[in-house]
1. Only residues that are assigned to a strand (DSSP E or B) and either over 24 Å from the mean Cα position of the chain (by Cα) or at pLDDT below 95 (or both): list them for region B:513-538, please.
2. With respect to residue B:170, determine if the residue is closer than 19 Å to residue B:53 by Cα and at pLDDT 95 or above.
3. Go through region A:49-61 and count every residue that is within 7 Å of chain B (Cβ to nearest Cβ), in contact with a helix residue (DSSP H, G or I) (Cβ under 8 Å, 6 or more places away or on another chain) and assigned to a strand (DSSP E or B).
4. Which of the residues that make up region B:203-228 are crowded, with 18+ Cβ neighbours inside 10 Å and either under 18 Å from residue A:25 (Cα atoms) or out of contact with any helix residue (DSSP H, G or I) (no Cβ under 8 Å at 6 or more places or on another chain) (or both)?
5. Got a sec? Which of B:249, B:257, B:239 is more than 24 Å from residue B:71 (Cβ to Cβ) and crowded, with 18+ Cβ neighbours inside 10 Å?
6. What number of residues within region A:120-143 satisfy the criterion of being away from chain B (no Cβ under 11 Å) and buried (at least 23 other Cβ atoms within 10 Å of the Cβ)?
7. Picking from B:853, B:872, which residue would you name as being in contact with a helix residue (DSSP H, G or I) (Cβ under 6 Å, 6 or more places away or on another chain) and in a loop (DSSP other than H, G, I, E, B)?
8. Out of (1) more than 14 Å from chain A (Cβ to nearest Cβ); (2) modelled with pLDDT of 95 or more; (3) farther than 25 Å from residue B:130 by Cβ, the odd one out for residue B:842 is which?
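The values are calculated or read from the model by the stated rules, or taken from the named source; none is laboratory data. Quantities reported herein were computed from a predicted structural model and do not represent experimental measurements. Cβ placement follows ideal geometry from the backbone for every residue including glycine, while neighbour counts extend to all protein chains displayed.
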């Protein structure tokens, strides 16, 4: 539990980053276009850059730091195994979106993955490996 | 209000591992070894060993310092692995750390300088991570370095045990003596190592590993240094650096290049809770002006809102926005639509000749068929995922900077000049270079530059060089630049304007760390854009359809116009000579070398290549593959247009244009009047003089070799099943091919597309073959190919920056869209190492290692355009394609 003193309109992103020092959640666009700031709000993927912290009051927020204690979430393992990241900046957001997808749909096909992940931009172009890593994390064949 | 919420997390580690105190060097190899002049000559490149490695005397732990910036290309892992391989390091006891800007330790001159760049940049670029050249430049130095330390350790053990060196073997960070079964750790040999005579270069070369002995080089097992931190949120990028008491600045910038600040009213912004200060970024009286054309990396005029946290700064900036008055200046009339017409007019007239073979006019007159086309490529923004950010603190007359930067020394250098030297004429002494350090084709112009500058400052040449050295030392002493991970760079983060902003603001608040945070809108509106360009072609085909003549005219807003300050008139002559156009209306050698002068179609008997003039009204810079983007789009599309006009198969026609291929020689290029044959296009078996004036061959040459271009085209055609699919594809489906050499590597691509009756485009698959010599880190090389292709798809399908009234129109990813996952096709990549037959013809029978970061990008747009035509779609002659086909 954290008590923070902040303007209720402050986006959750800046509360996490500037006030709580949780810097794993990234700022990429500020207008819910890129997904770099994706966190889970009561288990669902949301863009923290456009989520007022007031909305998060008494809710359970999970950031990349909380997804696992040791990088052992199936997505994190698959991401490392397949060498998904390049610059890595968008990957916390990608992983949070993927983790939420797998929670809702444990065995997504390519179309389901595309639909769930289309809000997350990667400029390095890691999309093919992300897709593969989600299949692997789901325990499904990767091609 | 107080808000209670729960964050599930582990305890967050506050030690982010960046810039926390001095870098710890262990006892290393001992001061004598490091101080030795001999050591500086140890490696033919002149790179001293220090700075790259430390061995802790107690634990034996090895730290390898990554001097190149890590921005997703994996260089932090790859170069360390090369060094570790030759060193026989035990990876379990190796840490790789990002190095600070350090132009002394990391080697002057760089072994593969930015070719064609003026000396102001050269010699400062050992860390300048651009031009896909980290591996090309440092593969061999890292190997020699690793092998040198291994040899010293071996000799130290031989001394300690009094056994012959030949009986010893280095393995796992230890020296083993098989006969007696003894072994000793490297760090237990440090005392003896100090007594070992520094080996000669030839001795080191003699102990380099054979390829079959490589432990990491060329293998799939190279550890990915930051992968775990990246997937757990612990990796530290620019904005993640935390300093005690840090304030956050956001800036309202003048929307027009070279505009200046008239006035501002801070009242509304200061009323926002959390806002502490509102102040101009560039101080009054700053003689180097404001950011824009000819202003180098100087930031745009701006007013900063400095606050307790990012959101307060953001709110404050919003309140300030309407309360700033600018003098927009002459660039406020810049309109990208008008400019397009201007470029078309420019290429309708003869331009400056940059390459000539035969007589194009004569041949055109006798042609059976004439083909003509023009292509338009707009400004493009790099848009790395991480918007620019930089932290600066000013204390005791010194600045400490943390920044995601591709140019650590450039940042140090320009921040230093801006903060420490009020007379911008003196900035130019940085560019004074002893003629002995220059390549033949630059010597005369540099001499004019040196002499003009010395006259202007009223000093002689010797004093000029001393002034330069003093200034460099001052800058190095006062400015420290720590490099964080880069959340993408793509050329944007080569420009240290954002770090200069932080340095300016920090000076106003001694002791207070200030982070300048850019928004995505800032990033889109204040980039250093890829040049806008028009490409014009005219070819005459003979009766068989083969071109007997080709005219290529290229007009583009050269980045040189942005980079180089409008020097006093006295330099006009030097500039005119140096850059072939005093007003920077023409492209630099660097840009011309990227797909213009290096036309690979050797079977066209008559060739004329021209560069048409184009003025500049906005900041231009580098974007992944730079001038290759527009040159390859034009040339590789036009090759296909000629094939279509000739009624021929595109792939067969392309191979016919290239012919069997050959390795270009200096004589070839001189014969064809290429103005500066010895630039990054054509560093043929180049020799370079060292600082001591001794001539040394520093790198193998990189001759343009169209045999290798042909080989990648053949390979990708085979892999993609081009011939098998010919005539068998359903209506509405087609294949396109393009092949292009850039940054010394060769790439060919086949793209398979479908276009339905609603004109909706589906990219089915992309096949790409790359020849970059030996592949060092195959997994990262594949990743670079995948990423480079996706970057190319983004720009081809969606990329466009437009300008109205001097200001960029686009804002964010909604109106500057980039490729998303659902738009990404299947990608198949192939490494095409040069054939043994080719390798045999190279000096030393070795083909140099070259880059992978940029070369995959240029071929994408033309291969895609060609595929769309093959699928029955329109010939697309302008980027972005979404204006002509539907991109879902």
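1. Just the residues of region B:513-538 that are assigned to a strand (DSSP E or B), to begin with: B:514-517, B:529-530, B:533-538.
Answer for region B:513-538, where residues must be assigned to a strand (DSSP E or B) and either over 24 Å from the mean Cα position of the chain (by Cα) or at pLDDT below 95 (or both): B:514, B:515, B:536, B:537, B:538.
2. Details: closer than 19 Å to residue B:53 by Cα: yes; at pLDDT 95 or above: yes.
Answer is yes for this residue.
3. Selection size over region A:49-61: 1.
4. B:226, B:227
5. Only one candidate qualifies: B:257.
6. Looking only at that region, the number is 1.
7. Residue meeting the stated conditions: B:853.
8. (2)
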